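Participant: Let me begin by handing over the structure; questions about it come next.
The values are calculated or read from the model by the stated rules, or taken from the named source; none is laboratory data. Everything numeric in this text was worked out from a predicted model, so none of it was measured. Cβ coordinates were reconstructed from backbone atoms using ideal geometry, including for glycine residues, and neighbour counts include every protein chain displayed.
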Amino acid sequence: MVKKILLALIILVVAATAVGGVVHFSSLDKSKEGPVIVEFVKSSFKRFAPSDEFVKPIGRTHYSDEKRYISMSGSGIEFFCKGSYAYITVIGDGVQEQSRNSHARFAIYKNNELIIDDTVSFEKKKYHIDINDFENGAVIRLVKLSEAKCSGFYIGDIGAFCTGDIEPTAEKEIKIEFIGDSITCGYGIDAGAVGEFSTHTENFTKTYAYLTAQSLDADYSVVAFSGYGMLSGYTGDGTINIEGRVGKYYDKSALYHNGGKALWDFSDFTADFVVINLGTNDASYCFTRERCLRFKESYLDFIISVRRRYPEAYIFCVLGDMNNSLYPLIEQAAEEFRISESDYRIKALTLDFKMGENEIVIDGHPGADSNALAAETLVSEIKKVIDYGY
């Protein structure tokens, strides 16, 4: 009798393994004749839509028709899986058929270890991830490294041999929104000092913004586009670049998707801190007194717009040393807001990139070391606010 039961168990284990399953025996009841299975757990192959039920959105994304559009810098998904294997389907948004320098770049991590770094030069592709952990499981995270202005992509179905379903990871206690330009996007950060712009060398995970969020164990959201500003985007001929105003796209969850009409629901992400890093590109336009005054007014209007979305957030108005000529005007805008609104949850701050001492990458942008220094400055200031109990 015992031999027959053991033979049946062996056949069952082999069969389960053959279809990607696993059998766990937690205990054997010896009070009766022969072993009796008390607990039986088997993994099976399942497919999941990248919905909020199964994945945690990172930053601003847009979900519809069982696909999630990934556009903004640093946006993506994260989920927890117990099992042997998983895959994530990545689908191009059409930009992959255009210039190579515009292909979206992304990374996939398993338990914070980088396992995939690729660009979307295809129509559709499955990325396979070995998990091999039925007890503790693994956290899988996909992060877009390049910026929204150039390209995006969709996340399609997620498949897994798993026990139970994949699950969204928990929200963090701290949430930070970053609003910026090419510095926040990680422009050229993997390029070195010589070369031309390419999304292949953008890397949001090496920016002051990502490093700040990681250091504080915070969730983040990003709205940032290279060449953009508050009053004017970068201009080479002194004429105003209205299209390059970040404020025009502040209520968007994506660019290009549905003509850029995918609106962002601000209730999906209630920021505790907002970091505005704009003014570097405005400097190319604001070289007269009248233009500088308009910049300050635009900055003040934007602060009010941010406060309307996040009534309780602490706002940092920052600027680094790539071009900080407009910083005094940013200080004035923050001070005027503080006085007129009797709102003291705001501070102007210079970010310490120390670009003169560290590597400068293409087009005069700060490299990884400079971004790490700036993150230290910002983390220190945010911790002061937290300790004070804003």
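Participant: Looking at Y220, Y210 in this structure, which one is surrounded by 24 or more Cβ atoms within 10 Å (Cβ to Cβ), within 30 Å of D268 (Cβ to Cβ) and among the aromatic types (F, W, Y)?
Facilitator: Y220
Participant: Scan the stretch 279-297 and report the pairs whose first residue is in the same structural domain as G180 (by TED's automatic domain parsing) and surrounded by fewer than 18 Cβ atoms within 10 Å (Cβ to Cβ) and whose second residue is of a type in the set (D, E) and modelled with pLDDT of 95 or more, with Cβ atoms within less than 9 Å and a gap of 6+ or a chain change.
Facilitator: Filtered contacts from the stretch 279-297: R291/D282.
Participant: In this structure, is A209 among the aliphatic types (A, V, I, L, M) and either over 26 Å from E359 (Cβ atoms) or without any contact (Cβ under 8 Å) to a residue 24 or more places away in the chain (or both)?
Facilitator: For A209, the condition - among the aliphatic types (A, V, I, L, M) and either over 26 Å from E359 (Cβ atoms) or without any contact (Cβ under 8 Å) to a residue 24 or more places away in the chain (or both) - is not met.
Participant: Any chance the stretch 147-169 includes a residue that's of a type in the set (F, W, Y), more than 30 Å from G229 (Cβ to Cβ) and touching a strand residue (DSSP E or B) at 6+ places or on another chain (Cβ under 7 Å)?
Facilitator: Looking for residues that are of a type in the set (F, W, Y), more than 30 Å from G229 (Cβ to Cβ) and touching a strand residue (DSSP E or B) at 6+ places or on another chain (Cβ under 7 Å), one finds at least one in the stretch 147-169, hence yes.
Participant: Return the total of residues in the stretch 100-159 being under 19 Å from K46 (Cβ atoms), touching a residue at least 60 places away in the same chain (Cβ under 8 Å) and among the acidic types (D, E).
Facilitator: Result for the stretch 100-159: 1.
Participant: Going by what's in this entry, would R289 be described as among the charged types (D, E, K, R), touching a Leu at 6+ places or on another chain (Cβ under 9 Å) and more than 25 Å from P366 (Cα to Cα)?
Facilitator: no
Participant: List the pairs whose first member sits in the stretch 47-59 and is closer than 19 Å to I91 by Cβ, whose second member is among the aromatic types (F, W, Y) and not in a strand (DSSP E or B), and whose Cβ atoms are under 7 Å apart, counting only residues at least 6 apart or on separate chains?
Facilitator: F48/F54
Participant: Right, next: For the stretch 291-304, indicate whether the set of residues that are of a type in the set (A, V, I, L, M), touching a helix residue (DSSP H, G or I) at 6+ places or on another chain (Cβ under 6 Å) and in a helix (DSSP H, G or I) is non-empty.
Facilitator: The answer is yes, given that some residue of the stretch 291-304 is of a type in the set (A, V, I, L, M), touching a helix residue (DSSP H, G or I) at 6+ places or on another chain (Cβ under 6 Å) and in a helix (DSSP H, G or I).
Participant: Test C317 against the stated conditions and say whether it is more than 27 Å from K384 (Cβ to Cβ) and either part of a loop (DSSP other than H, G, I, E, B) or modelled with pLDDT of 95 or more (or both).
Facilitator: no
Participant: Continuing with the same structure: Any idea which of (1) surrounded by fewer than 20 Cβ atoms within 10 Å (Cβ to Cβ); (2) more than 28 Å from D282 (Cα to Cα); (3) touching a Phe, Trp or Tyr at 6+ places or on another chain (Cβ under 8 Å) is the one E123 doesn't satisfy?
Facilitator: Failed condition: (3).
Participant: Being under 22 Å from G195 (Cβ atoms), outside any strand (DSSP E or B) and among the charged types (D, E, K, R), is that true of even one residue in the stretch 102-111?
Facilitator: No: the stretch 102-111 contains no residue that is under 22 Å from G195 (Cβ atoms), outside any strand (DSSP E or B) and among the charged types (D, E, K, R).
Participant: Now a separate question. Could you tell me which residue of the stretch 330-362 is farthest from the chain's Cα centre (by Cα), considering only residues that are under 27 Å from G188 (Cβ atoms) and part of a helix (DSSP H, G or I)?
Facilitator: Among those residues, the one meeting the criterion is I330.
Conditions tested, residue by residue: (1) more than 14 Å from G74 (Cα to Cα); (2) aliphatic (A, V, I, L, M).
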{"position": "G192", "(1), (2)": "yes, no"}
{"position": "E196", "(1), (2)": "yes, no"}
{"position": "T205", "(1), (2)": "no, no"}
{"position": "Q214", "(1), (2)": "no, no"}
{"position": "L231", "(1), (2)": "yes, yes"}
{"position": "T239", "(1), (2)": "yes, no"}
{"position": "G244", "(1), (2)": "yes, no"}
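Participant: Those residues that are surrounded by fewer than 24 Cβ atoms within 10 Å (Cβ to Cβ) and either at pLDDT 95 or above or touching a Pro at 6+ places or on another chain (Cβ under 9 Å) (or both), I need them from the stretch 224-242; list them, please.
Facilitator: If the condition is that a residue be surrounded by fewer than 24 Cβ atoms within 10 Å (Cβ to Cβ) and either at pLDDT 95 or above or touching a Pro at 6+ places or on another chain (Cβ under 9 Å) (or both), then G227, G233, Y234, T235, T239, I240, N241, I242 are the ones that fit.
Participant: Please go through the stretch 152-161 and pick out each residue that is part of a loop (DSSP other than H, G, I, E, B) and over 15 Å from the mean Cα position of the chain (by Cα).
Facilitator: Answer for the stretch 152-161, where residues must be part of a loop (DSSP other than H, G, I, E, B) and over 15 Å from the mean Cα position of the chain (by Cα): there is none.
Residue-wise test of (1) at positive phi; (2) surrounded by fewer than 13 Cβ atoms within 10 Å (Cβ to Cβ); (3) hydroxyl-bearing (S, T, Y).
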residue	(1), (2), (3)
Y63	no, no, yes
S73	no, no, yes
C81	no, no, no
S99	no, yes, yes
R105	no, no, no
N112	yes, yes, no
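Participant: On the basis of being surrounded by 16 or more Cβ atoms within 10 Å (Cβ to Cβ), within 28 Å of D268 (Cβ to Cβ) and at pLDDT 95 or above, does A375 make the cut?
Facilitator: So A375 fits the description; yes.
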